[in-house]
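Data block below; observations after.
The values are calculated or read from the model by the stated rules, or taken from the named source; none is laboratory data. Every value quoted in this text rests on a predicted model; they were computed, and no experiment measured them. No Cβ is skipped: glycine too gets one built from the backbone with ideal geometry, and neighbour counts run over all protein chains shown. Each accessible area value is taken on the protein alone, full model and side chains, heavy atoms only, with ligands, DNA and RNA left out. Shrake-Rupley method; radii C 1.70, N 1.55, O 1.52, S 1.80 Å.
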Amino acid sequence: MKIGIAADHGGYSLKKTLHSFLVASGYEVVDFGAYELNDQDDYPDFVIPLAKAIVKKDVDRGIAVCGSGVGASVAANKVHGVRAALINDHFSAHQGVEDDNLNMLCLGGRVTGYAAAEELVEAFLHAKFTGLERHLRRLHKVQLLEK
Ligand code: RB5
């Protein structure tokens, strides 16, 4: 599975940790930046290219980190075809994929600790969309907003 990652300065440190964790876990990782810590950088500059790569299927799933995870999820969900959510608990990390076909996990680099973030990432990446009719029906109603 090919995983895209992105972060601004608020998520820079956690992204670095997750990059190593993903490589050690056997994933192919595409890093959309930031590539250096710059307190003046802006999360859309990294999150939007990652979101577009998900839609183009250049990567299978994405992980975006900003300070809180809020800005990253707001920005990513503007890109049609992206289903991003700020996740802080294990249940939502996998249920978001199983029911809602989540394709981008957003984390708060100033909120979630490294070990907890790794567990959320594992739950997100191991989960599969069930494809059940009721979930497809709900997603279809969301997709109509993208027309
Ligand atoms: C940047 O200081 C911070 O606002 C950003 O990383 C993020 O938390 C926005 O939601």
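Criterion first (open to solvent by 10 Å² or more (accessible area, probe 1.4 Å) and over 12 Å from the mean Cα position of the chain (by Cα)) does ASN38 satisfy it?
So ASN38 passes the test.
Filter segment 1-23 down to the residues that are closer than 13 Å to CYS66 by Cβ and small (Gly, Ala, Ser), then identify the one that is surrounded by the most Cβ atoms within 10 Å (Cβ to Cβ).
GLY11
Please tell me if GLY26 is buried (at least 17 other Cβ atoms within 10 Å of the Cβ), away from the ligand (no atom under 12 Å from the Cβ) and assigned to a loop (DSSP other than H, G, I, E, B).
no
For HIS90, are the conditions met, namely being open to solvent by 50 Å² or more (accessible area, probe 1.4 Å) and more than 19 Å from ALA127 (Cβ to Cβ)?
When the stated conditions are applied, HIS90 does not pass them.
Give the number of residues within segment 43-77 that are touching a helix residue (DSSP H, G or I) at 6+ places or on another chain (Cβ under 9 Å) and acidic (Asp, Glu).
2
Can you work out which of the residues in segment 61-84 that are open to solvent by 30 Å² or more (accessible area, probe 1.4 Å) and within 16 Å of the ligand (Cβ to nearest atom) is nearest to LEU139 (Cα to Cα)?
Selected residue: ASN77.
Just to check your reading of the model, which residue among LEU145, LEU136 is under 27 Å from ASP45 (Cβ atoms), open to solvent by 30 Å² or more (accessible area, probe 1.4 Å), of a type in the set (A, V, I, L, M, F, W, C) and part of a helix (DSSP H, G or I)?
Being under 27 Å from ASP45 (Cβ atoms), open to solvent by 30 Å² or more (accessible area, probe 1.4 Å), of a type in the set (A, V, I, L, M, F, W, C) and part of a helix (DSSP H, G or I) holds for just one of LEU145, LEU136, which is LEU145.
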